[in-house]
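Laboratory data are not the source of any read-out in this text; all were calculated from the coordinates shown. This one's a predicted model, so the numbers in the text were calculated from it and none came from an experiment. Cβ coordinates were reconstructed from backbone atoms using ideal geometry, including for glycine residues, and neighbour counts include every protein chain displayed.
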Amino acid sequence: MIAEAGHFALTLALFVAAVQATLPLAGAQRNDPVWMAFARPAAVAQFLLVAIAFGCLTAAFVTSDFSVLAVVRNSHTAKPLLYKISGVWGNHEGSLLLWVLIMALFGALVAVFGTNLPPALRARALSVQAMIAVGFYLFMLLTSNPFERVVPPPQNGQDLNPLLQDPGLAFHPPMLYLGYVGFSMAFSFAIAALIEGRVDTAWARWVRPWTLLAWCFLTAGIALGSWWAYYELGWGGFWFWDPVENASFLPWLAGTALLHSAVVVEKREALKGWTVFLAIVTFSLSLLGTFLVRSGVLTSVHAFATDPSRGVFILILLVVVIGGSLALFAWRGPSLKSPVLFQPISREGGLLFNNLVMTTAAATVLLGTLYPLMLEAMGGGKVSVGAPFFNATFVPLMMPMLIAMAVGPMLTWKRSDLKPALNRLWIAFAATAAVLLIVWRLQGGAALGLLGIAVATWLFAGTVVQLAERVRLFGVPLRESARRLVRTPRSAWGMTLAHAGLAVTIAGITGAGVWKVESIQTMKPGDTVTVADYAYTFKGVEDVPGPNYDAVRATFDVNRNGRFVTTLYPEKRHYPVQNQPTTEAAIYPTLWGDLYAVIGDSAGQDGAFVTRLYFNPLVGWMWAGVMIMVLGGAVSLSDRRYRVGAPKGSRRRLESAASA
Amino acid sequence: MKRKHKRLTFVLIALALLATSAALVLTAFEESIVFFHSPSDIVAEKVPLDRRLRLGGLVEQGSVVKKPDAVVTFRITDTAHAVAVTYKGILPDLFREGQGVVAEGRLIDGVFTADEVLAKHDENYMPPEVADAIKKAGQWRGEEKP
């Protein structure tokens, strides 16, 4: 019964979305307020219906209703409750339902809180949003119904892929989707603006918080995925330039560019056409990412769908959305003139430079990701484009931007001078030189490592200098500086935190990428191996039962210079339902690096095991840096000027405060 | 600066970035693209020896030998021909005899020395490259379980 109710709610949602996609848009064209007014209730109704559908599927998973195919394929009665729930989106059908749920949620938020929006813009944006939703509903109902029944129902389910039974991964897909789908708001507003032929400060104030929100979730989602890969796959790496990782990284690059160009539209009413274009590109890359991941054209743990009809449907959806929106942009885009001019050396110039680098880098990553597909489609043989390609192209491209990132915020709007800005950064120069010297003395001259550390220090110090300049530290009495610090707008704090976080992340990536120490060997109980000053003594293994798996757990005592540090317990688990083993790395994080131990297979009669021991320097800095970046985004989002739903209200309040 | 000149500055920056990325992409393609080959290709000596390459197929039944120092040797077959592989390290969780795998490395004296072995995360799943290689060798039996 529950499954049928969910299916019915989903079908109803399709019809509501179809109405929402057409009536308000037609109303806006005819300037008919009654038709436009359909948009808001329709968006709310659509959300409620999808929420019911999602609730039904979740109920089916939680109660282990094995008459539903999706539950049979991805659940099992012995599975812990958290993974029963995460199993809802741990499969193709359910993940699509999550996608439309988030999309409908965002639409409903605009409908409820968008009271200050011009009615025509709101009607059009909600219509565009509903058009994309219609595509997804059709896709689900026609090719991937999450509520499909099985007759007769089996006794038990086939369980979720054990690799996905992990707390990090339970929240990875929802985070990522909140990011992907969040960019659909920027997209809908961009298309609405193109239809209207008008982009102004108010428009940018609406688009920015949505983009920022989406960016925060996407950043966190990518980091969660990378963290999961780090501790779960047991290779000691965190980023493999796998096509599926790239699929989430591409919208991030474009979205970051969009975030920065929207600032220029808001502050200076320049770069309008470019910003609209970026909004289209960002969401298109989100859709492309979904397509790459879901269609099964790429070989990966994420590829659920292998049914070719689904691939064709997504491809058509992709062509319609991307092709249609770019065609609209080609037609209407030239009317979005930006009257305001600026010098190349200026804040706008810096932001535009960021945009150019980000888009070039995104294009390079896209090329590397799609090249194997293109080559094969043209009959050129099978190739793989791996990490060496991306390291050799992406990293050098980003360097100039990272260096410029410390300077850009020091420049003033419209026109500026490079020399005073650089003069004020002398302290950052000095800090970079000092850190470089220390690292060189400690670690030796790995050129790439030194370069990475230098860039990270430069960016971090430059960001701090910019904040110090802002509060005029040592220029005015300390108390005055403190007062200025408190009064600094939250959006400025957001920028400072995000840039500083990126610097910390780069230091982490450099450390873990360049100075990683790795040792693979066979160890008998009692053997000791030393990795980067840490002596690991293998004590042997024992069998440990888990809720739905059996594990072999090894014990390592770790000493450094004769002092006990910690005991590590890496595991090798075996999940009987899917007959699949997983590796659980044991990690002991320290400030300067992670101790990381993995066991492989048994090697011989005397209790010997293959072991893999790592020292991953600074790897924790990477996650910490990403958290600081996300925090920066959140702080910026809390700035009252950008508060979702209150862009105009606050301005009015400010005006009344000024006149009072 | 005149409006035209300002625009020109950014166009020049964009062109410089594009040229840089094109140069980087071309050199990187030259050095880091890895071609996929089947065991039959290698036996037929259709493979360049000075490049990294990927070798895909099934792990031959009974061929896996574990040696000291975490070295493993096995044979990858497309059911027509097989190639000996040696690898040092921990094999992926789903590495099993009879299972589809992809190994990346170099061919040294007729032995494929892998520095990376990929087995996919689902036991019913066959990497498309491997499936194609086996199809080419004319030994494909059905879509579901090869």
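Subtracting the Cα-Cα distance of A:Glu196 and A:Glu469 from their residue separation scaled by 0.36 nm leaves 94.1 nm. Modelled label positions at A:Ala430 and A:Glu269, each set 7 Å beyond Cα in the direction of Cβ, lie 4.4 nm from each other.
For A:Asp594, nonlocal amide neighbours, meaning residues 5 or more places apart or on other chains whose placed amide H falls under 5 Å from its own, are A:Asn616, A:Leu618, A:Val619, A:Gly620. Quick one: grab the alpha carbon gyration tensor of segment A:1-70, order the square roots of its eigenvalues as a ≥ b ≥ c, and give me rounded if a/c is under 1.5, else prolate or oblate depending on whether a/b is larger than b/c. Taking the square roots of the gyration eigenvalues as a ≥ b ≥ c, segment A:1-70 is prolate. Coupling constants for segment A:575-592 follow from the phi torsions by the Karplus curve (6.51 cos²θ - 1.76 cosθ + 1.60, θ = phi - 60°), and in residue order they are 9, x, 5, 9, 6, 9, x, 9, 10, 10, 6, 9, 10, 10, x, 10, 4, 8 Hz; glycine and proline get x. Only DSSP H runs of four or more residues enter the estimate; each adds -39500 (n - 2.57), and after division by the residues of the protein assembly as shown the mean residue ellipticity at 222 nm equals -19000 deg cm²/dmol. Which log10 I(q)/I(0) values, to two decimals, does segment A:122-185 give at q = 0.16, 0.18, 0.22, 0.28 Å⁻¹ under the Debye formula with one point per Cα? Log10 of I(q)/I(0), two decimals: -0.86, -0.97, -1.07, -1.12. Using 1/(1 + (r/R0)^6) with R0 = 35 angstrom and r between the beta carbons of A:Leu485 and B:Arg7, what's the FRET efficiency to the nearest 0.05? It comes out at approximately 0.35. For A:Arg347, what is the net charge nearby, where nearby means another residue's Cβ is under 9 Å from its Cβ and Lys, Arg count +1, Asp, Glu -1? Charge balance in the 9 Å sphere: +2. For chain A, the fraction of C-alpha pairs farther apart than 45 angstrom is 25 percent. Between B:Glu116 and A:Leu138, the simple label model (points 7 Å from Cα in the Cβ direction) yields a spacing of 3.9 nm.
Over segment A:148-232, the alpha carbon radius of gyration divided by the compact-protein estimate 2.2 N^0.38 Å works out to 1.63. Straightening the chain between A:Leu422 and A:Val517 buys 30.4 nm, computed as 0.36 nm per residue apart minus the Cα-Cα spacing. Here the label points at A:Leu375 and A:Phe240, each 7 Å from Cα along the C-beta direction, are separated by 1.9 nm in the simple model.
Here the Kirkwood formula puts the hydrodynamic radius of segment A:380-462 at 14.8 Å, using every distinct Cα pair. For segment A:506-630, the convex hull spanned by the alpha carbon atoms encloses 128 Å³ per residue. For A:Val476 and A:Asp557, the difference between the fully extended length at 0.36 nm per residue and the C-alpha to C-alpha distance is 23.7 nm. For the residue pairs A:Lys267/B:Lys6; A:Lys272/A:Lys414; A:Lys382/A:Lys572; A:Lys382/A:Lys516; A:Lys84/A:Lys572, the C-alpha atoms sit more than 25 angstrom apart in A:Lys382/A:Lys572; A:Lys382/A:Lys516. Placing a label point 7 Å from the Cα of A:Asp606 along the Cα-to-Cβ line, the residues of segment B:60-82 whose backbone N sits under 17 Å from it are B:67-71.
In plain terms, the C-alpha convex hull of segment A:400-439 casts an average shadow of 3.2 nm² when viewed from every direction. Taking a ≥ b ≥ c as the square roots of the eigenvalues of the Cα gyration tensor, an a/c ratio of 1.5 or more together with a/b no larger than b/c marks segment A:94-140 as oblate. Couplings for segment A:422-431, taken from phi via the Karplus curve 6.51 cos²θ - 1.76 cosθ + 1.60 with θ = phi - 60°, read 5, 4, 5, 8, 4, 5, 5, 4, 4, 4 Hz in order; Gly and Pro are left as x. Once you reduce segment B:11-52 and segment A:129-205 to the center of their Cα atoms, the two points are 35 Å from each other.
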